[in-house]
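A.B. asks: Please read through the structure below; I'll follow up with questions.
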Amino acid sequence: MKIMVPVKRVIDSNVKVRVKSDGSGVDLANVKMSMNPFCEIAVEEAIRIKERGEASEVVAVSIGSAKAQDTLRTALAMGADRAILIKTDETVEPLAVAKVLKAVAENEKPDLIILGKQAIDDDCNQTGQMLAGLLGVPQGTFASKIELDGDKVKVTREVDGGLETVELTKPAVITTDLRLNEPRYASLPNIMKAKKKPIDETTPEDLGVDIAPRLKVLAVEEPKAREAGIKVDDVPSLVDKLKNDAGVL
Ligand code: AMP
């Protein structure tokens with residue numbers, strides 16, 4: 001069984017994001033980039049499935065600039081077998097990502113595609129759903145547990161107010177939620193080994209996919225700065241403030 005794991009290079013989750021002064025987007029100059037945390041969970045899950053002997057190959061895929069190679073190397077160091085970079089310097093929206101991934105999936109024929117539920121840069125939460133729709137295969141989104149059983153996959157989903165379990169027939173698309181697993185750190189020997197693992201390169205054009213943007217970003221703004229808190233002397237003044245200033249009572 002083959003598992004394909006799409007991984008995105010995003011601003012590191014510990015970096016304080018700065019908006020460009022012209023409001024056209026987020027400043028990426030000299031900013032630390034890492035693998036999207038939900039994609040790390042997807043790689044970890046794929047590797048665990050392989051380690052249990054339930055998969056034979058894990059292929060990491062990324063669409064982005066040449067620097068996305070670093071993200072693929074991280075996936076390889078975690079334990080993926082090989083990687084594919086679909087190289088472009090253009091902005092790739094989720095629909096275009098899904099179309100590119102569909103083309104890759106048609107070549108690779110994976111039994112499972114495990115994606116992050118969302119990329120923490122644009123917070124779209126769209127790609128997995130669109131990919132499943134384009135491929136015409138079942139989807140299990142927001143997975144907190146994945147159990148394989150022959151040609152079926154049981155996915156426990158984190159939904160509002162509880163958990164839902166769905167059964168999918170492979171090939172299928174799964175997206176990962178936070179509680180699925182805790183991703184491993186790549187060990188030094190594995191980082192060294194990953195340098196020798198193959199990364200194939202192609203482009204959206206070679207795959208015959210039009211990635212022209214369909215959306216236009218009108219403005220990006222910083223969230224409003226939080227106002228400083230105040231101290232009150234006693235409970236009556238707290239109640240007064242909550243009633244008259246905050247209007248919450
Ligand atoms: P999104 O729909 O943009 O929130 O992204 C959800 C998931 O789709 C991510 O966690 C990745 O698994 C995958 N994905 C999104 N963009 C890319 C990309 N440029 N390259 C590879 N995978 C991606």
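A.B. asks: Name the shape class, rounded, prolate or oblate, that the alpha-carbon gyration tensor gives for segment 92-146, where a ≥ b ≥ c are the square roots of its eigenvalues, rounded holds for a/c under 1.5, and otherwise prolate holds if a/b is larger than b/c and oblate otherwise.
C.D. replies: Numbers: a/c = 1.91, a/b = 1.12, b/c = 1.70.
It is oblate, given that a/c is not under 1.5 and a/b is not larger than b/c.
A.B. asks: Holding the Cα-Cα limit at 28 Å, pick out from Lys2/Lys197; Lys117/Lys170; Lys67/Lys224; Lys154/Lys197; Lys170/Lys193; Lys67/Lys193 the pairs that are longer than that. Please list the in-between numbers first.
C.D. replies: Values: Lys2/Lys197 17 Å; Lys117/Lys170 19 Å; Lys67/Lys224 32 Å; Lys154/Lys197 31 Å; Lys170/Lys193 31 Å; Lys67/Lys193 19 Å.
Beyond 28 Å between Cα atoms: Lys67/Lys224; Lys154/Lys197; Lys170/Lys193.
A.B. asks: Taking segment 45-96, which trypsin sites (Lys or Arg not before Pro) meet the DSSP loop condition and have no more than 15 other C-beta atoms within 10 Å? The partial results should precede the final answer.
C.D. replies: On the way: sites: Arg48, Lys50, Arg52, Lys67, Arg73, Arg82, Lys87; in loops: Arg52, Lys67.
Sites meeting the loop and neighbour criteria: Arg52, Lys67.
A.B. asks: Same structure again: Got the relative contact order for segment 154-225 handy, in percent, Cα pairs under 8 Å and 6 or more residues apart?
C.D. replies: Working: 20 pairs, mean separation 9.9, N = 72.
Over segment 154-225, the number comes to 14 percent.
A.B. asks: Specify the residue with the greatest mean-square fluctuation among Lys224, Lys32, Lys109, computed from a Gaussian network of the chain linking alpha-carbon atoms under 10 Å apart.
C.D. replies: Answer for the Gaussian network model of the chain: Lys224.
A.B. asks: Rounding to the nearest 20 debye, state how big the charge dipole of the chain is about its Cα centre with +1 on each Lys and Arg Cβ and -1 on each Asp and Glu Cβ.
C.D. replies: Details: 36 positive and 41 negative charges, 127 e Å.
With only Lys, Arg, Asp and Glu charged at Cβ, the dipole is about 620 debye.
A.B. asks: Give the Kirkwood hydrodynamic radius (Å, one decimal) of segment 2-246, defined as one over the mean of 1/r across all pairs of different Cα atoms. Mind showing how you got there, number by number?
C.D. replies: Details: mean 1/r = 0.0510 Å⁻¹.
After inverting the pairwise mean of 1/r, the radius is 19.6 Å.
A.B. asks: Suppose every Lys and Arg Cβ carries +1 and every Asp and Glu Cβ carries -1, with no other charges. What dipole size does segment 116-242 come out with about its Cα centre, to the nearest 20 debye? Working shown, then result.
C.D. replies: On the way: 18 positive and 23 negative charges, 114 e Å.
It works out to roughly 540 debye.
A.B. asks: Among Ile63, Asn36, Ala83, which residue has its Cα positioned farthest towards the positive end of the charge dipole of the chain, with +1 placed on the Cβ of Lys and Arg, -1 on the Cβ of Asp and Glu, and the dipole taken about the Cα centre?
C.D. replies: Comparing the listed Cα positions along the dipole, Ala83 ranks first.
A.B. asks: DSSP H helices in the chain with Cα extent of 18 Å or more along the helix axis and mean Kyte-Doolittle hydropathy at least 0.0?
C.D. replies: On the way: long enough: 37-51 (21 Å, 0.17); 94-108 (20 Å, 0.50).
Counting only whole DSSP H runs, the qualifying helices are 37-51, 94-108.
A.B. asks: Jot down the radius of gyration and Dmax of segment 119-249, Cα atoms only, both in angstrom.
C.D. replies: Radius of gyration, then largest Cα-Cα span, for segment 119-249: 24.1, 70 Å.
A.B. asks: Report, as a whole number in µm² per second, the diffusion coefficient that Stokes-Einstein gives for segment 21-108 at 20 °C and 1.002 mPa s using the Kirkwood radius over alpha carbon pairs.
C.D. replies: Working: Rh = 14.5 Å.
The estimated diffusion coefficient comes to 148 µm²/s.
A.B. asks: I'd like to know which of Ala119, Leu134, Thr156 lies farthest towards the positive end of the charge dipole of segment 88-201, counting +1 on Cβ of Lys and Arg and -1 on Cβ of Asp and Glu.
C.D. replies: Thr156
Quick note: the coordinates plus some simple rules give every number you see, no bench work behind them. All values reported here derive from a predicted model rather than from experimental measurement. Here the Cβ is made from the backbone with ideal geometry for all residues, glycine too, and neighbour counts use every protein chain on show.
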